Amino acid sequence: METILFVTSTESDGTLNRHALEALGTAIDTAVSLPGSPLVVGLFGEKIEAAANSIANCGAVRFLGVEGAEFTQARYATDAAALEMLCRASKATLVIAPATSRMARVIAGVSHRLNGRIDTHVNAIATSNDQVAITRWFYRQRMFSELTRTQRPWLLSVDSGCHVAYQGGSQNVDIELLPIVLGSDHLRTKVAGFKAPSADQQTIRPDAELLFVTGAGWTKKQKDGQTHPKEAEQLILGFLRETKASLGGSKSLVDMSGEGEQVLQFMSHLNQVGQTGATPRHPKGLSTCCHGEEPHVVGWRFIRERRAVNLDPNCGWARGKADVLYVADAFEVMAKVNALLAEKHSTVNA
């Protein structure tokens, strides 16, 4: 029998993000599969009442909380203190948290304070004969392993996109607020402000419905024998602006930017997917001018609908790696798509 603690921070508006709700869904399933294992919810932030009420029907036997103005912003000292207190108060043997940037910064340190063990980037939790095992992918989803541990507490940070987000009715719950005393050493770090690009400049949107992947073909010579990088930039940015999609790049295109070649100015290694790049988890993906080699497709493992545009009917995408392959000129296709999107938006706003 385990005591399972789902723990996370709240957003600035006092709610829980989708990633947190996915981790909660994982915690609920784990508790159900281990008869007699109670589920406890632990939240910390400036205000936690709204977040707790929104998940009131998750089946938790206790709702613990640490709240105050000191927990509004992410800060290692205060977040670690809150997380440690929640873990100790719940007497949890299994702690499940979303692998958000805020939680990822502190959960390993808290594991050390508790003399526990930590595993990150967890994709799934399975139980058999009251034994808990986790699945973890390695080498950018090319290999995976199943791990078990006897040491407790066992802290797990769950990756996004691996579980359906919890959805349940809202009602008032009784929250046990834990008193916490913070000294001046906890508050030395101050958040001076935020700097972020404008919405039109932002190209990495993890929560977007669509991932738009560009390949090196955008920078190659076209049918007129010339390269058209400026036109490519306008088409790609125009599509991102109209759809609010997230931008990905193949390894070959990203590598070109580091070799001093003429490339898309807004593309960086942060946009890379496939091979040693990130593995996106968007519902849909559209690949343009990509070679479609297996390493790139591996990066699309968790995308549920794959479409591609490529002039070469014998490219990798034509061999069953895409749900739909358009054998066409990406410049012409995207120009037409952008025109249709602009027309649609002008009609809606009329």
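The values are calculated or read from the model by the stated rules, or taken from the named source; none is laboratory data. Predicted, not measured: the structure shown is a model, and the values here were computed from it. Cβ sites come from the backbone with ideal geometry, for glycine too, and all protein chains shown count toward neighbours.
Quick test for you: out of Lys251, Lys284, pick the one residue that is modelled with pLDDT of 75 or more and more than 26 Å from Lys344 (Cβ to Cβ).
Numbers: Lys284 fails: more than 26 Å from Lys344 (Cβ to Cβ).
Being modelled with pLDDT of 75 or more and more than 26 Å from Lys344 (Cβ to Cβ) holds for just one of Lys251, Lys284, which is Lys251.
Considering only residues of the stretch 106-123 that are under 15 Å from the mean Cα position of the chain (by Cα) and not polar (S, T, N, Q), which is modelled with the highest pLDDT?
Our first condition is that a residue be under 15 Å from the mean Cα position of the chain (by Cα); within the stretch 106-123, this holds for 120-123.
With not polar (S, T, N, Q) added as a condition, the list becomes 121-122.
On the way: His121: 90, Val122: 94.
So, considering only residues that are under 15 Å from the mean Cα position of the chain (by Cα) and not polar (S, T, N, Q), the one modelled with the highest pLDDT is Val122.
Inspect the stretch 63-76 for any residue being without any contact (Cβ under 8 Å) to a residue 24 or more places away in the chain and closer than 21 Å to Asp13 by Cα and give the result as yes or no.
Applying the first criterion (without any contact (Cβ under 8 Å) to a residue 24 or more places away in the chain) to the stretch 63-76 yields 69.
Then keep just the ones that are closer than 21 Å to Asp13 by Cα; that gives 69.
Yes: one or more hits.
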Ser160 meets each of (1) surrounded by fewer than 14 Cβ atoms within 10 Å (Cβ to Cβ); (2) modelled with pLDDT under 90; (3) among the polar types (S, T, N, Q); (4) within 19 Å of Leu5 (Cα to Cα) with one exception, condition (1)
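So, Leu5, is that one surrounded by fewer than 24 Cβ atoms within 10 Å (Cβ to Cβ), within 24 Å of the chain's Cα centre (by Cα) and modelled with pLDDT of 95 or more or not?
no
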Considering the stretch 1-21, residues that are in contact with a Pro (Cβ under 7 Å, 6 or more places away or on another chain) and outside any strand (DSSP E or B), and then whichever is farthest from Ile55 (Cα to Cα), we arrive at Thr3
Here the residues within the stretch 106-153 that are of a type in the set (Val, Ile, Thr), closer than 18 Å to Thr8 by Cα and not in a strand (DSSP E or B) are Val106, Ile107, Val110
- Query: Does any residue of the stretch 71-81 turn out to be crowded, with 24+ Cβ neighbours inside 10 Å, touching a Lys or Arg at 6+ places or on another chain (Cβ under 9 Å) and under 30 Å from Ala192 (Cβ atoms)?
  - Reply: yes
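Filter the stretch 1-47 for residues that are among the charged types (D, E, K, R) and closer than 17 Å to Ala92 by Cβ and give the result.
The first filter runs over the stretch 1-47 and keeps only residues among the charged types (D, E, K, R), leaving 2, 11, 13, 18, 22, 29, 46-47.
Once the filter is applied, which keeps residues that are among the charged types (D, E, K, R) and closer than 17 Å to Ala92 by Cβ, the stretch 1-47 yields Glu2, Asp29.
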Restricting attention to the stretch 46-94, the residues that are aromatic (Phe, Trp, Tyr) and part of a helix (DSSP H, G or I) number exactly 2
All-but-one check, Thr100 against (1) in contact with a Leu (Cβ under 7 Å, 6 or more places away or on another chain); (2) of a type in the set (Ser, Thr, Tyr); (3) closer than 26 Å to Phe138 by Cβ, failing number (1)
Per the filter on the stretch 205-233, residues exposed (fewer than 14 other Cβ atoms within 10 Å of the Cβ), in a loop (DSSP other than H, G, I, E, B) and not polar (S, T, N, Q) are Asp207, Glu209, Lys220, Lys221, Lys223, Asp224, Gly225
Filter the stretch 106-147 for residues that are touching an Asp or Glu at 6+ places or on another chain (Cβ under 7 Å) and among the basic types (Lys, Arg); the one that is surrounded by the most Cβ atoms within 10 Å (Cβ to Cβ) is Arg136
